[in-house]
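Below is one structure, written out as structure tokens; the observations come after it.
The values are calculated or read from the model by the stated rules, or taken from the named source; none is laboratory data. Just so we're clear, the structure is a prediction, and the values are computed from it rather than from any experiment. Here the Cβ positions follow ideal geometry from the backbone for every residue, glycine too, while neighbour counts run over all protein chains shown.
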Amino acid sequence: MDGWVAKGGAELGTNRTIPTEDDYKKIADRLAEQKIDGLLIIGGSTGYQTAYRLAQQRANYPTFNIPLVCVPATINNDLPGTQVSLGADTALNTIMLDVDKLKESAVATQRCFVVEVMGRDCGYLALMSGLATGAERVYLPEEGIMLDDLQADVALLKEGFTGGKRLGLMIRSENADLIYTTPFLVALFEKEGGDLFDVRPVVLGHVQRGGPPSPFDRIQATRLTAKALEQLLASAEQHIAPAVAVGRWSGKIHVTDLEQLPDLMVRGTQRPKEQHWLKLRPIVKLMSQPNILVLQNQEEVDSLD
């Protein structure tokens, strides 16, 4: 791993297959064959689900009675037991830079951008990038999209562009709604905007996964992995077999028991029940409202003329 600190997680490879009943014996045989005393799993929900399932099968496969320690690494930030997973900060920086470029060019014309970002069932990237770039509206899978919301958004856009606004920015998380998709939003705003403004879709896609890791991610990766290795070695020396995940919560390294994984997740989705960043939603909603104070001050200036 020497020299990997500046490289992304792609160096490790990836596997999105969660073990099933047909796989357990093969895995047990391979662990015994290679004399594996513990597993350090770096990844997202697939890694967490794998650790959970192996732990649940220990009665049937004694070989699984080894320490299982997970390190959270996914740009979606959709894992329990940590406030920010590895890769999320780097992806957020990439989104911010790309959206800033869009905004810089868009002010030349009256245009609204609908930017789709990743996140699956978690709206972290959408909400935080919306705050970082000054988006008028952010669509989250935690909230969904309602027709009344879209009508209000259209009204705000028309009001803004009528008053001299030159740029509109709406950020949509990829799974915000099954019906009101990004193409639907673009068609709606284009139709209702008429001659006031045109609309362009921007799907950032896998570009969000690229680039060198941010300083925050590099430091956090080192801290979490060091703690994971410490946990792994201590468990092996004490001949205990926990299934846990390390994470960062309130600035401190935190360890979560993965044998309770289903209770930590929102049923039917790929996101944890506890999402501290959702407390920032009111700020985003406030940003989308007309600045009445500024309008009042402008009216006072006009009255002096």
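Yes/no per residue for (1) in a helix (DSSP H, G or I); (2) loosely packed, with under 14 Cβ neighbours inside 10 Å; (3) of a type outside the set (F, W, Y):
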residue: I253; (1), (2), (3): no, no, yes
residue: D263; (1), (2), (3): yes, yes, yes
residue: E274; (1), (2), (3): no, yes, yes
residue: K285; (1), (2), (3): yes, yes, yes
inquiry  = Looking only at region 206-248, count every residue that is of a type outside the set (V, I, T), out of contact with any helix residue (DSSP H, G or I) (no Cβ under 8 Å at 6 or more places or on another chain), over 27 Å from G3 (Cα atoms) and in contact (Cβ under 8 Å) with a residue 24 or more places away in the chain and tell me the total.
reply    = 2
key: Enumeration of residues in region 237-274 that are at pLDDT 95 or above and polar (S, T, N, Q)   = T256
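Conditions (1) at pLDDT 95 or above; (2) in the same structural domain as A228 (by TED's automatic domain parsing); (3) more than 21 Å from the chain's Cα centre (by Cα), marked per residue:
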position	(1), (2), (3)
D2	no, no, yes
G13	no, yes, no
T17	no, yes, no
Y24	yes, yes, yes
I27	yes, yes, yes
L31	yes, yes, yes
G43	no, yes, no
T50	yes, yes, no
Q56	yes, yes, yes
ask   = Does D153 meet the test of being of a type in the set (D, E, K, R) and farther than 26 Å from S105 by Cα?
value = no
ask   = Can you name the number of the only condition in (1) farther than 25 Å from G130 by Cβ; (2) surrounded by fewer than 19 Cβ atoms within 10 Å (Cβ to Cβ); (3) in the same structural domain as Q49 (by TED's automatic domain parsing); (4) not basic (K, R) that D195 fails?
value = (3)
remark   = In the set L86, L68, the lone residue that is of a type in the set (A, V, I, L, M), within 15 Å of A241 (Cβ to Cβ) and under 26 Å from the mean Cα position of the chain (by Cα) is L68
task = Could you please give the count of residues in region 183-242 that are of a type in the set (F, W, Y) and over 30 Å from G163 (Cα atoms)?
result = 1
message = Tell me the residue from A228, A234, A241 that is more than 19 Å from L54 (Cβ to Cβ) and either β-branched (V, I, T) or not in a strand (DSSP E or B) (or both), please.
response = A234
remark   = The number of residues in region 61-98 that are on the phi > 0 side of the Ramachandran plot and out of contact with any Phe, Trp or Tyr (no Cβ under 8 Å at 6 or more places or on another chain) is 1
Residues within region 1-43 that are under 19 Å from V244 (Cβ atoms) and either touching a residue at least 60 places away in the same chain (Cβ under 8 Å) or part of a strand (DSSP E or B) (or both), tallied = 7
